[in-house]
1. So, in the stretch 203-226, of the ones that are β-branched (Val, Ile, Thr) and out of contact with any Phe, Trp or Tyr (no Cβ under 9 Å at 6 or more places or on another chain), which residue ends up farthest from residue 45 (Cα to Cα)?
2. Out of 324, 303, 367, I need the residue that is within 29 Å of the chain's Cα centre (by Cα) and either at positive phi or small (Gly, Ala, Ser) (or both). Which one?
3. Within the stretch 99-108, count every residue that is closer than 16 Å to residue 147 by Cα and either among the β-branched types (Val, Ile, Thr) or loosely packed, with under 15 Cβ neighbours inside 10 Å (or both).
4. Looking only at the stretch 300-318, how many residues end up being touching an Asp or Glu at 6+ places or on another chain (Cβ under 9 Å) and not acidic (Asp, Glu)?
5. Restricting the search to the stretch 109-133, which residues are surrounded by 19 or more Cβ atoms within 10 Å (Cβ to Cβ) and β-branched (Val, Ile, Thr)?
6. Go through (1) over 26 Å from residue 225 (Cβ atoms); (2) of a type outside the set (Gly, Ala, Ser); (3) assigned to a loop (DSSP other than H, G, I, E, B) and name the single condition residue 282 misses.
7. Taking residue 179 and the conditions (1) touching a residue at least 60 places away in the same chain (Cβ under 8 Å); (2) of a type outside the set (Asp, Glu); (3) not in a loop (DSSP other than H, G, I, E, B), which numbered condition does it fall short on, given that it satisfies the others?
8. Specify the residue that is farthest from the chain's Cα centre (by Cα); the eligible residues are those in the stretch 21-47 that are without any contact (Cβ under 8 Å) to a residue 40 or more places away in the chain and under 27 Å from residue 102 (Cα atoms).
Amino acid sequence: MPHLTINGLSKSFGKKKVLDKLDIEVQRGECLVVFGGSGSGKTTLLRHIAGLMEPDEGQVWVDGKLADEATAQERGVAMAFQNFALYPHMTAFENIASPLRARKMDEAAIAKQVREVAALLRIEHVLGHTPKQLSNGQKQRTSLARSLVHKPQMILLDDPLRNVDAKIRFEMRLEFPKLFKAFGSTVLYVTQDYREALALGDRIGVLVDGRFQQIDSPAGVYRNPQSREVARLFGDPPINLFEVTPRYSSGSSGGNGNGAMEVQIGGHTLALPEPRAELENRPCVLGVRPEDVVFSTERQPGALPVTLEAAMPINVRTVALLKAGDGVELLSSRPEDPVLAARRERLEGFATLVPGRSMFFDRANGARL
């Protein structure tokens, strides 16, 4: 039985529909990352699960029981917010202990559980400090500790790393999976950062305009996006998208699937590594991740003539801006190339595609073809 089941959940504020007949199942112990832009309905979804909002339509089931028939406390759900929401007059210890005091636990048990969770989050040394004495990273860990201290069955995290610096975000992306497994809780984690989604989720639910466009593993969402919108949301630099009409090259065997297929980009011809007979003469959108665009100064059969306009090192990769024919731009991301990255003048060359990595989307509705 799924730990969490949502059937046909809908919510509107005035004329704006925030959640639109949402359906999902989450297994016990799973970490589902709900990913989407601002206003996509992520926080509203968490608030319904926590019992802080009533839906216009639909149902939320927790452990096979209708959530509407249980109080928020009875659902066994804890929620941590992006703004920390700490009591300013309490020490970190008292903030973390507050859910246990609400359950009227004895002081020895409270002290034990607070110190256990503080040790896991490495904040034992600041338990006597008030929030104004804490860094943002320490506030974030204190807020998370308060959510975890009573060992909830389900944890709802509303973009908890949004207000901390890049170093803390990186550290917590490494630590969160270990923490989640240690507590054995089911986790719903909301974020606008695709890197967090890819790093933390057992599965990712991509929420767009109140509906899940795709629910899949991190690798599935990145490598097999089911729509143009999902493909655009993941990746830095972003995916290359071109309106094309694939055709078999003159003299090829044509629609038997064995001939050479090509597209026009920037007034020049680019060979597709694998033909797809069903796309012949069909207007569509070609999507290619920058890491699947290969730039070379040596001409390759079927390569697209391009000009290297600029190059920039990003971590251990070099991102190159290429231009084809009438100014159409392509991004190429390759393993670190210090010579290319340091180059400041234009360079003529050719672009080819990595076999097996091209994506095609319907030009009208954006669906994967």
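1. 215
2. When all the criteria are applied, what remains is 367.
3. Qualifying residue count, the stretch 99-108: 3.
4. Final tally of qualifying residues: 12.
5. Result: 110, 114, 117, 123, 126.
6. (1)
7. (1)
8. The residue in question is 47.
The numbers here are math on the coordinates, done by the rules we state, and not lab data. Bear in mind the structure is a predicted one, so any value in this text is a computation, not a measurement. Heads up, the Cβs are rebuilt from the backbone with ideal geometry, glycines too, and the neighbour counts pull from every protein chain shown.
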